[in-house]
Amino acid sequence: MIGTSHEVEARLLRAEQDCELQESIVQEGRPELPDGRPAPLTITQLDDLLGERSNQTRVVLGTAATGVTDVGDTLRTVAGRIADWKLPPVGNARVYRQEIVGGAPRERRVVISDFANYPARPEACREAIDQAETLLPGTPGVTRAVVLVTDPTQLGLWKLLLTGAERTTAAPVVLRRHDRRTLRGWAQRVEMFHTEDRLDRLYGLTGGWPLLVDQAHRLHDELGDPDEVLRRMGGLCMDRAKARAFAEATGLYTDPMLAMGYQALAAEFKDDPFDIESAVTAVAVQAGFEDQDEDKARWIVTCLDALQVFDREDGQVRLEPLLRECAALPA
């Protein structure tokens, strides 16, 4: 009744693959913030930041374009629902030191120090990591996850974490753009832009950048018309001021070397795919680095990758089209 033995076997094998795919979609999905916007963190990243019942330190690397200013609220929204979990407010360095060693028995604590919303000198974030690694809760049975939230003003720290230049137990967690699947999952849950045509247009007009997806969400709340929202979102690259503001929000102009590296890749590859080694070579040639300075070019490419300027496909990368178009406009 259900087919030949070969057909049954094929369907069973496909079902296994479908279950694995569904699990992947769930893990890479994002919860909603209280206002309905998608969180900047995936379920997998949230699990990593909150951790098991042990003491750990994580450093979030993100930009305004990838939603770094919403990380603290996301953690408070998710962990605040869990019994016996505490998220003490951290207002300054003195309070931070108190909270990483405090707590009541059997308490699981999440101590967030938000350097993206409350900027500090670069040394302060490095000191916070050192303290998290050396100062442990004084009460038996207390465990705490320390989460330091950083943006590109902390590029020196990003370099240490992304290149492994120094030994540390603190692990980086890089905020990412939406891909088509995660964008579809969110759109279907909140019932916005959930036809295939609108989803394709939304992805093309936002590039999956959380900053632009959030703008589309707010416009939808205001207008209630998804097609009008998409029409308005289509003018980004036609407005130099808006295009420049978006490019700056990605962190691309945080450091002149990053901007130079990006322009070198745009000039060399345009919209063609390339591999990371070719990118390193292109940046090194453009910057005039000697062979012994190839590490500088590699760091530039690594940082650009963390800024989410690349799309990945079949083992290669290409420059994300929306940012490439915006960055090409005269300042």
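The values are calculated or read from the model by the stated rules, or taken from the named source; none is laboratory data. All values reported here derive from a predicted model rather than from experimental measurement. All Cβ positions, glycine included, derive from the backbone under ideal geometry; neighbour counts span all protein chains shown. Protein only, heavy atoms only, side chains kept; ligands, DNA and RNA dropped before computing areas. Shrake-Rupley method; radii C 1.70, N 1.55, O 1.52, S 1.80 Å.
For the range 290-301, name all the residues that are surrounded by fewer than 17 Cβ atoms within 10 Å (Cβ to Cβ) and of a type outside the set (D, E, K, R).
Gln292
Just need a number here: residues in the range 215-264 that are without any contact (Cβ under 8 Å) to a residue 40 or more places away in the chain, outside any helix (DSSP H, G or I) and among the charged types (D, E, K, R).
Here the count works out to 2.
Among the listed residues Arg94, Arg81, Arg76, Arg106, identify the single one that is among the charged types (D, E, K, R), at pLDDT 90 or above, surrounded by fewer than 21 Cβ atoms within 10 Å (Cβ to Cβ) and over 27 Å from Leu162 (Cα atoms).
Arg94
From the list Gln308, Gln316, pick out the single residue that is out of contact with any Gly (no Cβ under 7 Å at 6 or more places or on another chain) and buried (at least 23 other Cβ atoms within 10 Å of the Cβ).
Gln308
Can you name every residue in the range 130-175 that is open to solvent by 20 Å² or more (accessible area, probe 1.4 Å), closer than 19 Å to Thr250 by Cα and either part of a loop (DSSP other than H, G, I, E, B) or of a type in the set (Lys, Arg) (or both)?
Of everything in the range 130-175, those that are open to solvent by 20 Å² or more (accessible area, probe 1.4 Å), closer than 19 Å to Thr250 by Cα and either part of a loop (DSSP other than H, G, I, E, B) or of a type in the set (Lys, Arg) (or both) turn out to be Asp151, Lys159.
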